[in-house]
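I have placed the structure first, in the form of structure tokens, so that the comments after it can refer back to it.
Throughout, read-outs are computed from the coordinates displayed, never taken from laboratory work. As the structure is a prediction and not an experimental result, all values here were calculated from the model. Please note: Cβ atoms are built from the backbone with ideal geometry, for glycine as well, and neighbour counts cover all protein chains shown.
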Amino acid sequence: MASHDPAARIADLRRRLDDANHRYYVLDDPTIADAEYDALLRELESLEAAHPELCVADSPTQRVGNAPSAAFAEVRHALPMLSLGNAFSDEEVADFVRRIEQTLDVEAPAFSVEPKLDGLAISLRYEDGRFVQGATRGDGATGEDVTANLRTVKAIPLALRGRDWPKVLEVRGEVYMPLAAFKAYNARALADGAKVLANPRNGAAGSLRQLDPRITAQRPLAFYAYGVGAVEGAELPPTHSATLARLRDWGFPVSAESRVVRGVDGLLGYYRDIGARRDALAFDIDGVVYKLDDYAGQREMGFVSRAPRWAIAHKFPAQEQATVLEGIDIQIGRTGAATPVARLRPVHVAGVVVTNATLHNADQIARLDVRVGDTVIVRRAGDVIPEIVRVVPEHRPAGAAPWAMPAQCPVCGSEIVREEGEAAWRCSGELSCPAQRKEAIRHFASRRAMDIEGLGDRYIEDLCDLGYVASVADLYRLTVDDLVDMKRRADERDGTTPETVKAGKVATKWADNLIEAIDRSRATTLERFLFALGIQHVGEATAKALAAWFGDLETIRRLPWPLFKRVPDVGGEVARAIGHFLDQPGNQQVIDDLLARGLVVTDAHAPSPKLRGGLDLATLLVDLEIPKVTRIRAEQLAAAFPSAAALLDAPQHNFVTAGLPAESAQALASWLEVDANAALLAAAGDAMTRLLALTPASVSTATGPLDGQTAVLTGTLATMTRDEAKARLEALGAKVSGSVSKKTAFVVAGEAAGSKLDKATELGVPVWDEAQLVAFLAANGA
Ligand code: IVH
């Protein structure tokens, strides 16, 4: 057996680990899970430790990094590492091609085209198929020996695969940090309080230039080969593209985006195609590289100074630009989060004028040490919000002061506070703060909440600013006249010609439509309503869970916070946030007003029978998060006291009699001494009793005609959205799933239904058209 022979087992493990790397980095087709890879690596490590005579430099275990060195040695490149000329316009590309066509007397020659990765150029030297030296580009003639660091980069083969490799082979390419890995690395660093990387390029360059390879090994680096340097002892294919294919066979990752195209049109087509997909690529690129494919042609073209005449980099517009930070404003979000926003001297970045950039939060400002007046580097990639990546310290004006979060909300003047352990600062004004009010209304009206079509940001601004609406409940008091009046006043204020007055007649259709949309939103589901309230931490999933578990708005709005923890995935923080929201008399008033103005929750039902399992005193005591009252202590108390009320009446020594250690008994007594705590326990006890009375004892109570049936929706429906169809089917007890199986009860096929319809037909699952669905829903009152 191989496992009895350490040398054979070691060879086998090395082969499997190398294969795993190759499949992952070169073939982009991983076959083993990370955990399996780690297990194999650990086994190999322990075998090598037990048999030091079997250690070799190109073992996968060597990728974890050797001991640090004091400095990098110099490496003279056997062939200089060239740089590239740049083209920024179509004309410059045309000139480049014309020069080649004229010199070589050819028409529309073939080019190998590749993404220009934004990382660090390196050269890798292989002798007899083994990686012996790796170097940075340096000044092109001499670079730094970073062999030990490069060994830790798993995408770089330590030994060549395949056969027929030259005796000496220098492979050139780019070490880079994939975007996802960069983001994950920074998220980790942030959480650990470590230094974040400024951008993927700096990440790659900085990681390679670590004197301690063990640090490099921690960095998620990757590599693409894009050419060769010195080659001895074998011939390479006659074209660049064929050479890249050969490199791939020898185990090097080669960009899957490489192509061969002809002439200027081919080049520009490639540039546009990749440019359009730039933001979707897994790595940063700053342009594309065009290389004459034929090596003979390359030799004939030769060089000017350090750049070849047969290749050029066609650059994308820069994604980073320097500008001046003119101010830092505070924006107040729906839940009061105070977010600093950078006001910038307008600057063109990647094709658009940028005037604002996000600064994320106060910590980010401190980390970057940005000050008003600073020259800053702004980065904008794709449609993401522009951000400030760093400050140019040399340009800091004298007297620029460090920034601090203002003490007061710039909108309402309430105190800005930061809760313990939270990153965000908040305006404490809640709904008395106009900014929070507007955001709350915007959220309330949004598509996945109350879905008030046509109530856009502009109207919300004007309705609030001109005093027509102070809370979401006021929306349901608005009339067509109010809206027309509001628009007239907004137009006057802005000095704009009223669009609403056409040919001397006041246009009111828009107002009719908006009022109608508001009307339509009055009938809603409990989950939408709970989500619409905009309670901190209550997203759609939590709103849905709360609705499913408690069933009814009246029940929910009277619950003390610990009971919310009965819902799966709702923890202390979320439960407290809901409780806090409901404790505010202003919020309860808004709910009252909404109900008084005709809001109806159409799907109220009894609490879920599953709730019963958690409605007992012990669980409640745990949920209350009383210091030193663990599950065991809570159960002892529940065994000794029949109810929360009984516990509240008991003297402290009874806690000891109940079996609690003195320390827990004391902690509980002190907790109860706080009036608010005692009141909370009493209220929660009562609420639990009420809930128990409401909660059906068994799960089997049928609630709808589609109980236990699974439906699938496919295609587009004309009379309702897919979300709506889903909600209405669910209201009748159906489960709505995303895929068709034999267990599917029926498939609803709308316009342009796709593969799910085919699958249904294939499996003999009944298919309904929209008319059947509408009829069924109507017949069942959904
Ligand atoms: S070829 C003679 N191909 O761009 C050709 N370079 O300014 C030399 N780069 O230092 C380079 N992607 O770091 C080539 N596909 C690619 C490249 C690429 C990125 C970088 C490389 C080089 C710089 C040239």
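Under 1.5 on a/c is rounded, so check that first for region 1-69, then, if it is not, pick prolate when a/b is larger than b/c and oblate when it is not; a ≥ b ≥ c are the square roots of the alpha carbon gyration tensor eigenvalues. Oblate is the answer for region 1-69, as a/c is 1.5 or above yet b/c matches or exceeds a/b. If you find the alpha carbon centre of region 768-782 and of region 244-320, how far apart are they in angstrom? Rounded to whole Å, the Cα centres lie 57 Å apart. The overall shape of region 700-770 is oblate: from the C-alpha gyration tensor, with semi-axes ordered a ≥ b ≥ c, the ratio a/c is 1.5 or greater and a/b is no larger than b/c.
At a Förster distance of 25 Å, what's the computed FRET efficiency of GLN589 paired with GLN536, Cβ-Cβ distance as r, to 0.05?
Details: r = 19 Å, r/R0 = 0.75.
Once the sixth-power term is evaluated, E becomes 0.85.
For region 735-749, 3J(HN,Hα) computed residue by residue from phi via the Karplus equation (6.51, -1.76, 1.60; θ = phi - 60°) reads 9, 9, 10, x, 9, 8, 9, 4, 7, 4, 6, 7, 10, 9, 10 Hz, glycine and proline entered as x.
By Kyte-Doolittle mean hydropathy of at least 0.5 and Cα axial length of at least 18 Å, which whole DSSP H helices of the chain are selected? TM-like helix candidates: 675-694.
Once you order the gyration tensor axes a ≥ b ≥ c over the Cα atoms, which shape class does region 411-462 get: rounded for a/c under 1.5, otherwise prolate or oblate by comparing a/b with b/c? Spell out each step's value before the answer.
Values: a/c = 3.76, a/b = 1.88, b/c = 2.00.
Since a/c reaches 1.5 but b/c is at least a/b, the shape of region 411-462 is classed as oblate.
Averaging 1/r over every pair of different alpha carbons in the chain and inverting the result gives a Kirkwood radius of 32.6 Å.
With the gyration tensor restricted to C-alpha atoms of region 381-535, the semi-axes of the equivalent ellipsoid amount to 36, 23, 16 Å, longest first.
Where the eigenvalues come from the Cα gyration tensor of region 375-435, what are the semi-axes √(5λ) of the equivalent ellipsoid, largest first, in whole Å?
Details: eigenvalues 169, 64, 29 Å².
Equivalent ellipsoid semi-axes, largest first: 29, 18, 12 Å.
Would you mind estimating how fast region 396-485 diffuses translationally, via Stokes-Einstein at 20 °C and 1.002 mPa s with the Kirkwood radius over Cα pairs, in µm²/s? D, rounded to a whole number, is 140 µm²/s.
The H on the amide N of VAL75, modeled in the peptide plane, is under 5 Å from the matching H of GLY143, GLU144, ASP145, each at least 5 residues off or on a different chain.
Site pair LYS509 and PHE88 shows an inter-label distance of 4.9 nm when each label is modelled 7 Å from Cα along Cα→Cβ. Each label was represented as a point 7 Å from its Cα along the Cα-to-Cβ direction; for ASP569 and THR657 these points are 4.5 nm apart.
Rank by packing, highest mean first: peptides 187-195, 448-456, with packing defined as the count of other Cβ atoms within 10 Å averaged across residues.
Answer by packing, highest mean first, reads 448-456, 187-195.
In this entry, region 237-295 is assigned a mean projected area of 4.5 nm², taken as a quarter of its C-alpha convex hull surface. Taking region 219-241 and a reference point 7 angstrom along Cα→Cβ of ALA78, the backbone N atoms nearer than 13 Å belong to 228-236.
Highest-first packing order for the peptide set 609-617, 581-589 is 609-617, 581-589, based on the mean count of other beta carbon atoms within 10 Å. Counting beta carbons within 10 Å around each of GLU235, GLU144 and listing the fewest first gives the order GLU235, GLU144. Each of ARG380, ARG130, ARG576 was scored by other Cβ atoms within 10 Å of its Cβ. Listed from fewest to most, they are ARG130, ARG576, ARG380.
Two decimals is fine: what's Rg over Rh for region 100-189, C-alpha atoms, Kirkwood radius as Rh?
Working: Rg = 17.3 Å, Rh = 15.9 Å.
My calculation puts Rg/Rh at 1.09.
Stretching ARG209 away from GLN666 to a fully extended chain increases their span by 158.7 nm, per 0.36 nm per residue minus the current alpha-carbon distance. Summarised in one figure, the compactness ratio Rg/Rh of region 323-365, Cα atoms and Kirkwood Rh, is 1.04.
Which length gain, in nm to one decimal place, applies between ASP95 and ALA366 when the Cα-Cα distance is subtracted from 0.36 nm times their residue separation? Working shown, then result.
Working: separation 271, 0.36 × 271 = 97.56 nm, distance 4.80 nm.
The span from ASP95 to ALA366 would gain 92.8 nm if fully extended.
The packing ranking, built from the mean of other Cβ atoms within 10 Å per residue, places the peptides 410-422, 548-560 in the order 548-560, 410-422, highest first. For the chain, taking a cut-off of 4.7 Å between Cβ atoms, the unpaired cysteines are CYS55, CYS464.
Would you list THR716, THR524 from fewest to most Cβ contacts within 10 Å? Please list the in-between numbers first.
On the way: THR716 12, THR524 22.
With the fewest neighbours first, THR716, THR524 line up as THR716, THR524.
Would you please give the FRET efficiency between ALA517 and ALA771, computed as 1/(1 + (r/R0)^6) with r the Cβ-Cβ distance and R0 = 25 Å, to the nearest 0.05? Please list the in-between numbers first.
Values: r = 26 Å, r/R0 = 1.03.
Taking R0 as 25 Å, the efficiency between ALA517 and ALA771 is 0.45.
Over 25 Å apart: what share of the alpha carbon pairs of region 528-654 falls there, rounded to a whole percent? For region 528-654, the share of Cα pairs beyond 25 Å comes to 32 percent.
Could you work out Rg/(2.2 N^0.38 Å) for region 611-714, with Rg from alpha carbons only?
On the way: Rg = 18.3 Å, N = 104, 2.2 N^0.38 = 12.8 Å.
Scaled against compact globular proteins, the figure is 1.42.
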